[in-house]
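Remarks on the structure that follows.
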Amino acid sequence: MGFAIVYHEKTFPRQQNQQIFHEKMDRGYERERFESISIKRSVAKKFKKYCRTLSRSQSMTLLIMLDFFRDNGISPVESLGPNLMASEVRILKRINAVIAIMRDMEKTQTKPTAAMILSLFEESAPNEKPLILEKKLTEEKPLKYRERQDEN
């Protein structure tokens, strides 16, 4: 008889159990050994539930969380209030700086360029003369024919 390991309340032969572990294993970490960490039962239940919501293994969830805290310079002990406020102030300053740059470009580049182009078009436009000469009727001509009026 072969040695059996309990996996999720089920007993499997050793070879089948190894196959299940390899399917569940995280990519890039297949050859690493597992290490145990002692945590309270209630915390472990919450963590397992959170891992299921992320659809990740416990190792990958913990790794993602650690990377997030390290990359963003956030400490889980500190409140996010001051950090978020400082970030918001920095972002608003950058937005105001971009607006100032755009206004300066408009004053120094866009408006003068548009004015120069407009002046070039005004100077180069030929005097518009009508193609067909129109007769302008300024005076009324007397009628050649008129109805007779009876004097009776």
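Some values worked out for this structure:
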{"quantity": "From phi via Karplus (6.51, -1.76, 1.60), per-residue ³J(HN,Hα) for segment 85-90 in Hz, x at Gly/Pro", "calculated": "5, 5, 5, 5, 4, 4"}
{"quantity": "Stokes-Einstein D (µm²/s) once Rh is taken as the Kirkwood radius of segment 46-93 over alpha-carbon pairs, at 10 °C in 1.306 mPa s", "calculated": "127"}
{"quantity": "Summed residue charge, Cβ within 15 Å of residue 110's Cβ, Lys/Arg positive, Asp/Glu negative", "calculated": "+1"}
{"quantity": "Label-zone membership for segment 61-84, site residue 37, 7 angstrom Cα→C-beta point, backbone N under 19 Å", "calculated": "61-78"}
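Bear in mind these aren't lab numbers, they're just calculated from the coordinates by the rules spelled out. None of the values given here were measured: they were computed from a predicted structure. Methodologically, a virtual Cβ is constructed for each residue, glycine included, from the backbone with ideal geometry; neighbour enumeration extends over all protein chains shown.
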